[in-house]
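Since the structure comes first, as structure tokens, the remarks are kept for the end.
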Amino acid sequence: MKDLDGASLADVKAWFHDHYGPNNAVLVLSGDIDAAAARPLVDKYFGAIARGPQAKATIAPVTPLAKAVTETMTDRVATVMIDRSWPVPGMDNPDSSALDIAAGVLGNLASSRLAEALVRQEKLAVSVTAGNASNAHAGMFDIRVMVRPGVNPAAVTARLDAIMAEFLAHGPRPDEVRRAATDLIVSIRLPRAWSSRYQRRLRPD
């Protein structure tokens, strides 16, 4: 708010001039119209608007933590939740796709690695989820484990750390990647170009 309150009218006008232009915008048309009919109308109503300054890409590098930060919060809840979060690159980084797949391998499928170990085999947790929340330039990779009542949360934490260490050391198996990619494509109905990208990643070569 301090920055907004301190902005002058000239600052606001300059910001709009630099960012609100046809070369930094997307026009979406929906309904009973095709490109051949739409293009003359777009030229008629928007063609005279001059280009603005070329927008510069924002640089937002991931800042690594010097050490792990642990916080404990208490409330009247049925089970203990272990929440692990890592700052990660955003959608503009090629690693974003790999992180989406990693989330599926670890915790987003019925056959995911964490659910198989912690929920079904070892009965340490009642549920596990993993997700990669990508914004434009930065994101957050998150794993949540709901501890089974009566189980020591420290034991669950230690087992989670061991599984993650093994995953980071050796990576996912091809079958895990295939299931995660298929689920991702089907669940969010990716555009064809995105689907092709994931399919190319899955090819043996």
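The values are calculated or read from the model by the stated rules, or taken from the named source; none is laboratory data. This is a predicted model, so every value here is computed, not measured. No Cβ is skipped: glycine too gets one built from the backbone with ideal geometry, and neighbour counts run over all protein chains shown. The accessibility values were calculated without ligands, DNA or RNA, using every heavy atom of the protein model including side chains. Shrake-Rupley method; radii C 1.70, N 1.55, O 1.52, S 1.80 Å.
Summary of computed values
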read-out	value
Of all residues in region 143-177 being in a loop (DSSP other than H, G, I, E, B) and touching a strand residue (DSSP E or B) at 6+ places or on another chain (Cβ under 9 Å), the one that is surrounded by the fewest Cβ atoms within 10 Å (Cβ to Cβ)	Pro149
Elements of type helices (runs of 4 or more DSSP H) contained in region 4-116, each with 1 or more residues being touching a helix residue (DSSP H, G or I) at 6+ places or on another chain (Cβ under 7 Å)	35-46, 95-103
Residue ID - modelled with the lowest pLDDT, chosen from residues in region 81-123 that are open to solvent by 30 Å² or more (accessible area, probe 1.4 Å) and hydroxyl-bearing (Ser, Thr, Tyr)	Ser111
Val128 touching a residue at least 60 places away in the same chain (Cβ under 8 Å), hydrophobic (A, V, I, L, M, F, W, C) and either open to solvent by less than 10 Å² (accessible area, probe 1.4 Å) or farther than 19 Å from Thr182 by Cα (or both)	no
Region 50-70, residues that are under 30 Å from Tyr20 (Cα atoms), open to solvent by 90 Å² or more (accessible area, probe 1.4 Å) and at pLDDT 85 or above	Arg51, Gln54
Residue check for Met73: under 15 Å from Leu184 (Cβ atoms) and open to solvent by 100 Å² or more (accessible area, probe 1.4 Å)	no
Residue within region 24-31 that is of a type in the set (S, T, N, Q), open to solvent by less than 100 Å² (accessible area, probe 1.4 Å) and closer than 25 Å to Asn93 by Cα present	yes
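Residue-by-condition table, conditions (1) within 30 Å of Gly150 (Cα to Cα); (2) without any contact (Cβ under 8 Å) to a residue 60 or more places away in the chain:
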residue	(1), (2)
Lys13	no, yes
Pro22	no, yes
Gln54	no, yes
Thr58	no, no
Val88	no, yes
Pro94	no, yes
Asn108	yes, no
